[in-house]
Amino acid sequence: MNEKIIKISGGEIKAIEHISSPDSPTILALHGWLDNAASFVPLIDALPNMNWIAIDLPGHGHSFHRANNSYYHFIDWVSDVIEVIDALELNSPPVLVGHSLGGMLATVIAGLYPDSIAKLVLIDSAGLIIQDDTLALSNIRSAMDSRKLVANKQPRIHKSIELAIKARQDAGNLSYLAAQRLIHRNTELVDGGFVWRTDLRLKTGSPIRLNKVAAEQVISSITAKTLVILADEGYQTMKDSYSLFKQCYKRHILLTVDGHHHCHLENPSQTAHHIGEFLL
C-alpha cells in the first residue's frame, strides 16, 4: 500500500492506495465520521486483487481542514468526492464503497450522477439522515450553538498513545486493534502528548439536511447495482433508515454480517467475501 495525494480545489486529499492491475476494478472507499482511510486496510488486505483508493475526507486523517470561517456540511463532502473522482481520471467509473457517513455520501453521488460509478457498496449504512421539517428551527438553533462551543476549544492532549487508543475504544465501542489502526492515522505528537488530527468543527451540528422527499428522489435515481451490508449488532439507526428507504432502491441486495458498526474493520472476512462475490 502507498500514500497518495489527490489535489482538489479545497486542498490536498490524502489516501491509501493499493493497485493490483490495470484490469482490476477500482474501488473508491469512503470512511465514516471521525474515522479515516485506515479503516479500510483490513478489507484491502482481504481483497488484494482489486485496485483500492481509500481517502481521508476533509477534516479527517491527513487531509486538509476547511478554512477558519467554514464548517463541514454533508453536501460539501459530496462535492469534494465528486472532485476526487474527476481528479483521478480513471479509465472507467469506480466502485464506491462507503461505511456509515461514507455510505451516505456515496449514495448521494450515485443518485446525482448515476453514470459516474460502476457499483455501490454500503457498509452498515443505508438511506440518508434526513431533516424533520417540523424541527427545522430548533435544529438550526442547536447547530449554531454547537459552533460557539468549539470556537475557542483546544484539542485534548493524551499523554500517551495508549490513552488515545483507549479513548477511541470508549467512544466507538471498538476493539483495541481496531482503535489502534484508526489512531495511528488520526493523531500527531505535540508537546505533552498526542492530539487528534480531526478538526474539532466536525463535532458541530448540521443546520440543514435533506428532507425525506429529497432523499427519496436521490435514492430512486440510483441505477447502479447496490449491495447493502448491515451489521447484526450495528447501529439501529441504520436498520431503521434501511426500512424507511428500501423501496427506493431499484437494484439492491441486503446482506447481514456478524459484528458491530465497524464490522469491516474488526471482522473483515464476511464483509470482504460479500464484496468480492458482488463485484464478480
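For S160, are the conditions met, namely being at pLDDT 95 or above and among the small types (G, A, S)? So S160 does not fit the description; no. Exactly one residue out of A215, A224 is at pLDDT 95 or above, of a type outside the set (D, E, K, R), in contact with a strand residue (DSSP E or B) (Cβ under 6 Å, 6 or more places away or on another chain) and closer than 22 Å to G111 by Cα: that is A224. Residues in segment 223-232 that are exposed (fewer than 15 other Cβ atoms within 10 Å of the Cβ) and within 20 Å of the chain's Cα centre (by Cα): D232 only.
Please verify whether segment 194-201 includes one or more residues that are over 25 Å from D145 (Cβ atoms) and touching a His at 6+ places or on another chain (Cβ under 9 Å).
Within segment 194-201 (the criterion being over 25 Å from D145 (Cβ atoms) and touching a His at 6+ places or on another chain (Cβ under 9 Å)), the answer is yes, since at least one residue qualifies.
Check R156 against each of (1) under 30 Å from L279 (Cβ atoms); (2) part of a loop (DSSP other than H, G, I, E, B) and name the one condition it does not meet. Result: R156 passes all but (1). Residues that are more than 25 Å from L280 (Cβ to Cβ), modelled with pLDDT of 95 or more and open to solvent by less than 10 Å² (accessible area, probe 1.4 Å) do occur in segment 107-122. If only residues of segment 180-208 that are among the basic types (K, R) and crowded, with 18+ Cβ neighbours inside 10 Å are counted, the one that is nearest to S138 (Cα to Cα) is R201.
Which ones in segment 95-119 are within 22 Å of C263 (Cβ to Cβ) and not hydrophobic (A, V, I, L, M, F, W, C)? Show your work before the answer.
Here is the first cut: in segment 95-119, the residues within 22 Å of C263 (Cβ to Cβ) are 95-107, 110, 119.
Of everything in segment 95-119, those that are within 22 Å of C263 (Cβ to Cβ) and not hydrophobic (A, V, I, L, M, F, W, C) turn out to be G98, H99, S100, G102, G103, T107, K119.
Which ranges mark the strands (runs of 3 or more DSSP E) fully within segment 1-70 that have 2 or more residues being in contact with a strand residue (DSSP E or B) (Cβ under 7 Å, 6 or more places away or on another chain) and open to solvent by 30 Å² or more (accessible area, probe 1.4 Å)? It would help to see each step written out before you state the result.
Numbers: elements: 2-8, 11-18, 26-30, 51-55.
Filter on segment 1-70 gives 2-8, 11-18.
The values are calculated or read from the model by the stated rules, or taken from the named source; none is laboratory data. Bear in mind that the values here come from a model prediction, so they are computed numbers and not experimental data. Positions of Cβ are generated from backbone atoms using ideal geometry, with glycine treated the same way; all protein chains shown enter the neighbour counts. These area figures cover heavy atoms from the full protein model, side chains too; ligands, DNA and RNA do not enter into them. Shrake-Rupley method; radii C 1.70, N 1.55, O 1.52, S 1.80 Å.
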